[in-house]
Amino acid sequence: MGVSETLEILQQDNPHVPLLPRDIYNARAAINRNPSKVNADLAENRPAIYSKPQPSAEDRIRADLRQEIANAREEIKRKEEEHQKRIEELEAKLRDKDQIIKRFEQFIDICNQRVMVTLTSGDGGTSSS
């Protein structure tokens, strides 16, 4: 019987249990690795073919804390990237403003030179109103 057929039968019998094709492959691999664990009489009484101990409350808490730490690290990384992007944007704005200031200063210098030329080329440095 194929995996998809097995999965259909299991989901019809147990619609509330979420199973994936990978679960079927894993169960078959566990049977192939240790066929002595599978017995026709015991198969109905055993909830799982491959046995994994149930995690203790402490293990579940640790797993939850690890997940929270991973989420916090991801959030910190995302915030750092946002801040770095914002810093780069502000630095670009500062460079643009510096260029504008530099051009304005050049304009002021040109105007001052024209005023000085006008004052010195006038009638002896005196101006009439």
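A short reminder: the numbers here are calculations on the coordinates, not readings from a lab. What you see is a predicted model, and the numbers here were worked out from it, not measured in a lab. Positions of Cβ are backbone-derived with ideal geometry, glycine not excepted, and every protein chain shown enters the neighbour counts.
Values for this structure:
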{"item": "Gained length - Val17 relative to Gln113, 0.36 nm times residue gap less alpha-carbon distance", "result": "25.9 nm"}
{"item": "Distance (nanometres) between label positions extended 7 Å along Cα→Cβ at Val3 and Thr120", "result": "9.0 nm"}
{"item": "Net length gained if the chain between Glu68 and Leu94 were fully extended (0.36 nm per residue, minus Cα distance)", "result": "5.5 nm"}
{"item": "Order by protection proxy (mean Cβ within 10 Å, highest first), peptides 20-31, 89-100", "result": "20-31, 89-100"}
{"item": "Distance in nm between pseudo-label sites at Leu10 and Asn34 (7 Å out along the Cβ direction from Cα)", "result": "1.8 nm"}
